[in-house]
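I have placed the structure first, in the form of structure tokens, so that the comments after it can refer back to it.
The numbers here are math on the coordinates, done by the rules we state, and not lab data. Being a predicted model, the structure only gives us computed values, none of them experimental. Every residue, glycine among them, receives a Cβ derived from its backbone with ideal geometry; neighbour counts consider all protein chains shown.
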Amino acid sequence: MTAQSKGIADLEEIEAVFSALAHPNRRQILTVLRVRGGTMTSGDLASRFDCAWPTTTRHLGVLVDAGLLRVETEGRERRYELDVDVLEAVAGAWIHRFQPE
């Protein structure tokens, strides 16, 4: 991988994470998962929000696509797990860029 393509990949990852964090419901999903031990079923998550099920699944999909959540299927249910490492790596690296050298 060239330095330029790595830079573009880094920017795409930053954009995905910050875009996912831009919506208050998605930040709330991450917060709920963190407080509840980092993993919950889709039904448990959906019951905590007032929005319709398709809206909730869209928010979950954005978080999964950004790498902030992992999802596993358990029978008819999906279990979502918070990936704090991705959040720390991407947001931490971005913040680090603005610290004085």
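Within the range 50-72, how many residues turn out to be exposed (fewer than 14 other Cβ atoms within 10 Å of the Cβ), in contact with a strand residue (DSSP E or B) (Cβ under 8 Å, 6 or more places away or on another chain) and not hydrophobic (A, V, I, L, M, F, W, C)?
Count: 1.
Take the range 76-101 and flag every residue that is surrounded by 14 or more Cβ atoms within 10 Å (Cβ to Cβ) and among the small types (Gly, Ala, Ser).
Ala89, Ala91
Out of all the residues in the range 8-20, is one or more among the hydrophobic types (A, V, I, L, M, F, W, C), outside any helix (DSSP H, G or I), surrounded by 12 or more Cβ atoms within 10 Å (Cβ to Cβ) and within 14 Å of the chain's Cα centre (by Cα)?
no
Just to be sure, is Ser42 out of contact with any Gly (no Cβ under 9 Å at 6 or more places or on another chain), touching a residue at least 24 places away in the same chain (Cβ under 8 Å), of a type in the set (S, T, N, Q) and exposed (fewer than 14 other Cβ atoms within 10 Å of the Cβ)?
The answer is no for Ser42.
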